[in-house]
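The values are calculated or read from the model by the stated rules, or taken from the named source; none is laboratory data. Just so we're clear, the structure is a prediction, and the values are computed from it rather than from any experiment. Ideal geometry is used to build each Cβ from the backbone, glycine not excepted, and the neighbour counts take in all protein chains shown. To get the accessible areas, we keep the full protein, side chains included, count just its heavy atoms, and leave off ligands, DNA and RNA. Shrake-Rupley method; radii C 1.70, N 1.55, O 1.52, S 1.80 Å.
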Amino acid sequence: MHRGAGPAFRWARKMASSGPEPQILVQYLVLRKDLSQAPFSWPAGALVAQACHAATAALHIHRDHPHTAAYLQDLGRMRKVVLEAADERALKDLAETLQQKNVDHMLWLEQPENIATCIALRPYPKEEVNQYLKKYRLFK
């Protein structure tokens, strides 16, 4: 029977590791909740696609930033958090705030309708951006 490593073992392994722990980077996405509800009633797959488009675009646009490079270097440690905005106005207000605060992000516009659907930030340490996102809940 396999048992998890005890606290003493984990502490010793941490002390023996070479160098500091890598910085935890998170890519935040904020997706419009109203698109899943009437009168829009978009299927779940369409909403997931919007988040994927925004995330991919943000990573591509900011691919030369050291945080993005570090995030993509270890694919097994990638972290994403998907939050919900009530509607298009809330999403655009967040985009404006992020722009004013110089937070790198991508506001995805679905074409040809030109509908704002999702915001994706480039990967950030959560401490740097959580002040702008704390009022948004996890997407359900």
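Taking every lysine pair in the chain that is 8 or more places apart or spans two chains, those with Cα atoms closer than 16 Å amount to 12.
Heavy-atom surface analysis with a 1.4 Å probe gives the chain a carbon and sulfur content of 56 percent of its accessible area. Model label sites at ALA57 and THR97, defined 7 Å from Cα along the beta-carbon direction, differ in position by 2.1 nm. These residues, MET106, MET78, go from largest to smallest accessible area, 1.4 Å probe, as MET78, MET106. For the chain, complete DSSP H runs whose alpha carbons reach 20 Å or more along their own long axis and whose mean Kyte-Doolittle score is 1.0 or higher are 44-61.
With a Förster radius of 22 Å applied to the C-beta separation of GLU113 and VAL81, the computed FRET efficiency comes to 0.25. Using equal-weight Cα scatterers in the Debye expression, the normalised intensity of the chain in log10 at q = 0.18, 0.22 Å⁻¹ is -0.98, -1.35.
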